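Peer 1: Attaching a single structure in structure tokens format; questions to follow.
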Amino acid sequence: MKTAIIYVKGYRRLERIVNTLSQTLQRGGHSVDLFAVGTSGEQPVSFRRYDRVYVGSPVLGYFRGRIPAELAAYLQKAMGLDRPKTAVFVSKRLLGNSKTTKTIMAMLEHHGSQVVDFEFVGSLADAERFGQRLRE
């Protein structure tokens, strides 16, 4: 299965979660491409060639659960999100997890995407369990 993981670069905890998730999916036979948002000059690509697209984000703000502006801009310009099944994961914090997840899910659904799963990832063990669930 061809899988894309979109995530925000520069958040060390999130990057470790992405690496664990990617390795878990690869052990299950998935081919995984990583798309780090926040690098200079990146252009959104078409995700039509992927069977699955997973989006990861940190939780910003204490109560409002915002997503990074770079991720919002990238998802607004992304193409081909209507075909693959998608999932959302956030680097868990005390507050704002649900709001952040719902914001990303709404952006994906606006593109016509079918969001099939989500997770608040608090540890690398959580990331591995989420990856095992997604590869089934």
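The values are calculated or read from the model by the stated rules, or taken from the named source; none is laboratory data. Quick caveat, the model's predicted, so the values are computed rather than measured. Here the Cβ is made from the backbone with ideal geometry for all residues, glycine too, and neighbour counts use every protein chain on show.
Peer 1: Give the residues of the stretch 41-53 that are of a type in the set (Ser, Thr, Tyr) and surrounded by 15 or more Cβ atoms within 10 Å (Cβ to Cβ), sorted by residue number.
Peer 2: 50
Peer 1: If you take the residues in the stretch 37-73 that are hydrophobic (A, V, I, L, M, F, W, C) and touching a helix residue (DSSP H, G or I) at 6+ places or on another chain (Cβ under 6 Å), which one is nearest to residue 122 (Cα to Cα)?
Peer 2: 59
Peer 1: Okay, next question. Could you grab me the full set of residues in the stretch 81-104 that are within 13 Å of residue 64 (Cβ to Cβ) and either basic (Lys, Arg) or touching a residue at least 60 places away in the same chain (Cβ under 8 Å) (or both)?
Peer 2: Within the stretch 81-104, 93, 99, 102 meet the criteria.
Peer 1: Would you pick out the residues in the stretch 1-24 that are part of a strand (DSSP E or B) and within 13 Å of residue 38 (Cβ to Cβ)?
Peer 2: 6, 7, 8
Peer 1: Test of understanding: among 28, 38, 10, 61, which residue is touching a residue at least 40 places away in the same chain (Cβ under 8 Å), surrounded by fewer than 17 Cβ atoms within 10 Å (Cβ to Cβ) and over 15 Å from residue 89 (Cβ atoms)?
Peer 2: Result: 28 is the single residue among 28, 38, 10, 61 that is touching a residue at least 40 places away in the same chain (Cβ under 8 Å), surrounded by fewer than 17 Cβ atoms within 10 Å (Cβ to Cβ) and over 15 Å from residue 89 (Cβ atoms).
Peer 1: Can you tell me which residue is farthest from residue 3 (Cα to Cα) among those in the stretch 83-118 that are of a type in the set (S, T, N, Q) and surrounded by 14 or more Cβ atoms within 10 Å (Cβ to Cβ)?
Peer 2: 97
Peer 1: I'm trying to understand the selection: among the residues of the stretch 46-78, which are in a strand (DSSP E or B) and modelled with pLDDT of 95 or more?
Peer 2: Hits for the stretch 46-78 are 52, 53, 54, 55, 56, 57, 58.
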